[in-house]
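Any read-out appearing in this document is the output of simple, stated calculations on the displayed coordinates, not a laboratory observation. Note that the structure is a prediction, hence the values are computed from the model and not measured. Ideal geometry is used to build each Cβ from the backbone, glycine not excepted, and the neighbour counts take in all protein chains shown.
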Amino acid sequence: KAGVTQTPRYLIKTRGQQVTLSCSPISGHRSVSWYQQTPGQGLQFLFEYFSETQRNKGNFPGRFSGRQFSNSRSEMNVSTLELGDSALYLCASSLGGQGEKLFFGSGTQLSVL
Amino acid sequence: GIQVEQSPPDLILQEGANSTLRCNFSDSVNNLQWFHQNPWGQLINLFYIPSGTKQNGRLSATTVATERYSLLYISSSQTTDSGVYFCAVGTNAGKSTFGDGTTLTVKP
């Protein structure tokens, strides 16, 4: 089985722009969750989608949004980028039941200049 | 929200040594996972262990849910074991809270 695929691997944007990141989960997995990793804040939960519905949300501003498609692929969008949004964005997939094993992609490294 | 504390924050070992990493959490959880993050940023799931003991080669893990802690044991460490080890706990479906990690350096 193919693993979790995240694209692109690297992104460079300027302040004020918006960005869209993509995540394809493992085949058969219905849950996709997103995490932001920074040196100062560590790994922080953004949101989780299951069957095209947002099931859980972390404490991030409304500039951070996501969606999930019928094939379980997910995208996250960050609008009006700020310097502090520079981070490694990680996507994880799981089967979707209560508290299941997470499998992570390689991440998208976003740099905001 | 739930607090997750990992110790030690940094650990330096000689190749062949054994080590124990600890994860304490502040509330009841329904799942606990250990991850290894390699130098390229990839998070590898080592164990899914809400309770009990599991072993996988040179690695083993024990979670004592009633006392709210988990331990990760690494025996006969190798340079490829270097990286950051994270503990993550979950209380709701789909959301996990990560500790700050233990950075392990194994010297040849």
With no solvent and one point on each alpha carbon, what is the Debye value of log10 I(q)/I(0) for chain A at q = 0.11, 0.20, 0.22, 0.23 Å⁻¹? -0.31, -1.03, -1.23, -1.33
Under a straight-distance cross-link criterion of Cα-Cα below 12 Å, which aspartates and glutamates are reachable from B:Lys107, leaving out those fewer than 8 residues away in the same chain? B:Glu15, B:Asp81
Please find the FRET efficiency linking A:Gln18 to B:Tyr69, where r is the Cβ-Cβ separation and R0 is fixed at 30 Å, and quote it to the nearest 0.05. 0.10
How much length, in nm to one decimal, is gained on full extension between A:Gln54 and A:Thr80, taken as 0.36 nm per residue of separation minus their Cα-Cα distance? 7.2 nm
Only Lys, Arg (+1) and Asp, Glu (-1) charged, at Cβ; chain B dipole about Cα centre in debye: 200 debye
Scattering from the C-alpha atoms of segment A:1-44 alone, worked out with Debye: what is log10 I(q)/I(0) at q = 0.31, 0.33 1/Å? -1.15, -1.16
Starting from the coordinates of the alpha-carbon atoms of the protein assembly as shown, obtain the Kirkwood hydrodynamic radius over all distinct pairs and give the value in Å to one decimal. 17.8 Å
Any chance you could check the Cα centroid distance between segment A:19-54 and segment B:6-57 for me, in angstrom? 21 Å
Do you know the relative contact order of chain B, to the nearest whole percent, from alpha carbon pairs under 8 angstrom that are 6+ apart? 37 percent
Taking the Cα atoms of chain B, report the difference between the largest and smallest coordinate on each principal axis, in whole Å and largest first. 41, 26, 20
